[in-house]
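Chemist: Below is the structure I would like to discuss, written out as structure tokens.
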Amino acid sequence: MTVYYTKEHAEQINTDYIVYTGQTKDNSFVEPYRYARYKNSQLIEEGRVRNGELISDMRKAAGDLAYDTLDDALGDGILGGLFDIIAPEFYDRNAE
């Protein structure tokens, strides 16, 4: 079940809430778009929504670090070339 509150109402009844921001088209958000999760009126997490999944900025940073580390380790040789072809199928390093 999904319940929608205004930010002010959620804070009045002391419930957790998420605020979504981004471009819209046909009354829907265009992915990727941003979210901010609040608990007790305090921001606890920010991130983006891709393919309907909430991806925190911390999770994205960890994935980017792992991607870049592996890319650097493999270098520009044959393995590096294969990584450049295969890796984007599993992880979008340049995702917003």
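Chemist: Could you list, in sequence order, all residues of segment 50-72 that are part of a strand (DSSP E or B), at pLDDT 90 or above and under 20 Å from residue 88 (Cβ atoms)?
Modeler: Correct list: 55 only.
Chemist: Name the single residue that is nearest to residue 9 (Cα to Cα) among those in segment 29-66 being out of contact with any strand residue (DSSP E or B) (no Cβ under 6 Å at 6 or more places or on another chain) and open to solvent by less than 40 Å² (accessible area, probe 1.4 Å).
Modeler: So, considering only residues that are out of contact with any strand residue (DSSP E or B) (no Cβ under 6 Å at 6 or more places or on another chain) and open to solvent by less than 40 Å² (accessible area, probe 1.4 Å), the one nearest to residue 9 (Cα to Cα) is 60.
Chemist: Given the structure, is residue 23 more than 19 Å from residue 94 (Cα to Cα), open to solvent by 90 Å² or more (accessible area, probe 1.4 Å) and either of a type outside the set (D, E, K, R) or in contact with a Phe, Trp or Tyr (Cβ under 6 Å, 6 or more places away or on another chain) (or both)? Step through it out loud before you land on a result.
Modeler: Details: more than 19 Å from residue 94 (Cα to Cα): no; open to solvent by 90 Å² or more (accessible area, probe 1.4 Å): yes; either of a type outside the set (D, E, K, R) or in contact with a Phe, Trp or Tyr (Cβ under 6 Å, 6 or more places away or on another chain) (or both): yes.
For residue 23, the condition - more than 19 Å from residue 94 (Cα to Cα), open to solvent by 90 Å² or more (accessible area, probe 1.4 Å) and either of a type outside the set (D, E, K, R) or in contact with a Phe, Trp or Tyr (Cβ under 6 Å, 6 or more places away or on another chain) (or both) - is not met.
Chemist: In segment 71-88, what count of residues is obtained for those that are out of contact with any helix residue (DSSP H, G or I) (no Cβ under 7 Å at 6 or more places or on another chain), of a type in the set (A, V, I, L, M) and farther than 25 Å from residue 32 by Cα?
Modeler: Within segment 71-88, the first condition is being out of contact with any helix residue (DSSP H, G or I) (no Cβ under 7 Å at 6 or more places or on another chain), and the residues that meet it are 72-73, 75-79, 81-82, 84-86, 88.
Right, trim to of a type in the set (A, V, I, L, M) and you get 73, 78-79, 82, 85-86.
Checking the rest, the ones that are also farther than 25 Å from residue 32 by Cα come to 73, 78-79, 82.
Number satisfying all stated conditions: 4.
Chemist: Return the residue satisfying two criteria in turn: it lies in segment 21-45 and is in a strand (DSSP E or B) and polar (S, T, N, Q), and of such residues it is nearest to the chain's Cα centre (by Cα).
Modeler: Keep residues of segment 21-45 that are in a strand (DSSP E or B), which gives 21, 24-25, 28-29, 33-39, 42-45.
Now narrow it down to the ones that are polar (S, T, N, Q): 21, 24, 28, 42.
On the way: 21: 12, 24: 17, 28: 17, 42: 19 Å.
It comes out as 21.
Chemist: If you check every pair at least six apart or on different chains, which have Cβ atoms under 8 Å apart with a residue in segment 73-96 that is in a helix (DSSP H, G or I) first and a residue that is open to solvent by less than 100 Å² (accessible area, probe 1.4 Å) and among the acidic types (Asp, Glu) second?
Modeler: These pairs meet every condition: 80/71; 83/71; 84/71; 87/71.
Chemist: Output the qualifying pairs, or none if there are none: Cβ atoms under 8 angstrom, residues six or more apart or on different chains, first residue in segment 1-17 and modelled with pLDDT under 75, second residue open to solvent by less than 100 Å² (accessible area, probe 1.4 Å) and β-branched (Val, Ile, Thr).
Modeler: 5/13; 5/15
Chemist: Let me ask you something else. Which residues, taken from segment 67-86, are open to solvent by 60 Å² or more (accessible area, probe 1.4 Å) and among the charged types (D, E, K, R)?
Modeler: Taking segment 67-86 first, the residues open to solvent by 60 Å² or more (accessible area, probe 1.4 Å) are 69-70, 72-73, 76, 78-79, 82, 84-86.
Those that are open to solvent by 60 Å² or more (accessible area, probe 1.4 Å) and among the charged types (D, E, K, R): 72, 76, 84.
The values are calculated or read from the model by the stated rules, or taken from the named source; none is laboratory data. None of these values were measured; they are calculated from a predicted model. Reconstructed Cβ throughout: ideal geometry from the backbone, glycine too, with neighbour counts over all protein chains shown. All accessible areas refer to the heavy atoms of the entire protein, side chains included, with ligands and DNA or RNA removed. Shrake-Rupley method; radii C 1.70, N 1.55, O 1.52, S 1.80 Å.
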